[in-house]
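The values are calculated or read from the model by the stated rules, or taken from the named source; none is laboratory data. What you see is a predicted model; the values in this text were computed from it and never measured. Every residue, glycine among them, receives a Cβ derived from its backbone with ideal geometry; neighbour counts consider all protein chains shown. When the accessible area is computed, the model is the full protein with side chains, heavy atoms only, and any ligands, DNA or RNA have been set aside. Shrake-Rupley method; radii C 1.70, N 1.55, O 1.52, S 1.80 Å.
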Amino acid sequence: NDVSAVQHYRGVVGENVIVCPTNSVNSLRARIPYGHGSMWDIAFVGYAYPSRVEFMREFMSVSNGLHVVIVGDAWKEAGFDAIPTSSEEETMEILGLCGAAACLHRRRTDNYQGPEDPKTCARGWMEMWSGVRTFIDGERSDALPPWNLAPGFKGPGDLAEKVLCYLLDPDDEEGYRMQATAVARASYTYLARASAVLDVISGRRSKENRIP
């Protein structure tokens, strides 16, 4: 489910690799969150990898009073108040009460053989689906929709400044937020995931049945 891990899988199984989120919102069942910004200013969803812990410690020191909610495991052991990993629906409800959300990718120091750079576009689909304005670490201009519609940030201070600016004048970026949400809701569903899997299976069978 991580774009930057594709090369590792191709080394084992060849070119028949697809990228699908492990958890995909079912557009026929998922509830649309509401009440954005009514409880927290910004949310972080994810496991407390060492690089994320370090980032959050610095972010808290420069956040200028932003109300922050963290959802994920191992954060309490690192000294943060956090909500443990929750169900998809519960996480959506939390995001629905936030003004913004930020996504942090793992680094090489977090996983000895996995992805390390914020080049992957796998992070952020759930946050954008919820309708919250989503910020993703790294440069997003060369990414595919909806991630090219999510502002990038270069560090804790940069993120704090951009979130504060957005919360003070959200209407200025309303079009981008709505467009990112629309693309995420149309693309990241169980139906879309199943379709991608079936396309790969169908293509493989076509090759196997091809007359020499």
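Mind listing whichever residues of the range 166-180 are surrounded by 14 or more Cβ atoms within 10 Å (Cβ to Cβ) and either among the polar types (S, T, N, Q) or not in a helix (DSSP H, G or I) (or both)? Talk me through it step by step, then tell me what you get.
Within the range 166-180, the first condition is being surrounded by 14 or more Cβ atoms within 10 Å (Cβ to Cβ), and the residues that meet it are 166-167, 170, 173, 176-177, 179-180.
The one that is surrounded by 14 or more Cβ atoms within 10 Å (Cβ to Cβ) and either among the polar types (S, T, N, Q) or not in a helix (DSSP H, G or I) (or both): Gln179.
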>> Which condition from (1) over 30 Å from Glu58 (Cα atoms); (2) open to solvent by 50 Å² or more (accessible area, probe 1.4 Å); (3) touching a residue at least 60 places away in the same chain (Cβ under 8 Å) is the one that Ala192 breaks?
In response: (2)
>> Quick test for you: out of Glu58, Glu77, pick the one residue that is at pLDDT 90 or above and either touching a Gly at 6+ places or on another chain (Cβ under 9 Å) or not in a helix (DSSP H, G or I) (or both).
In response: Glu58
> Which of the following residues is modelled with pLDDT under 80, small (Gly, Ala, Ser) and closer than 19 Å to Glu127 by Cα: Ala184, Ala160, Ala192?
Replying inline: Ala192
> Got a number for residues in the range 47-60 being in contact (Cβ under 8 Å) with a residue 24 or more places away in the chain and open to solvent by 50 Å² or more (accessible area, probe 1.4 Å)?
Replying inline: 4
> Looking at this structure, is Leu149 modelled with pLDDT under 80 and within 16 Å of the chain's Cα centre (by Cα)?
Replying inline: no
> Condition test on Ala100, is it among the aliphatic types (A, V, I, L, M), out of contact with any Ser or Thr (no Cβ under 6 Å at 6 or more places or on another chain) and modelled with pLDDT of 90 or more?
Replying inline: yes
> With Val163, Val183 as the choices, which residue is over 22 Å from Ser51 (Cα atoms), open to solvent by less than 70 Å² (accessible area, probe 1.4 Å) and among the β-branched types (Val, Ile, Thr)?
Replying inline: Val183
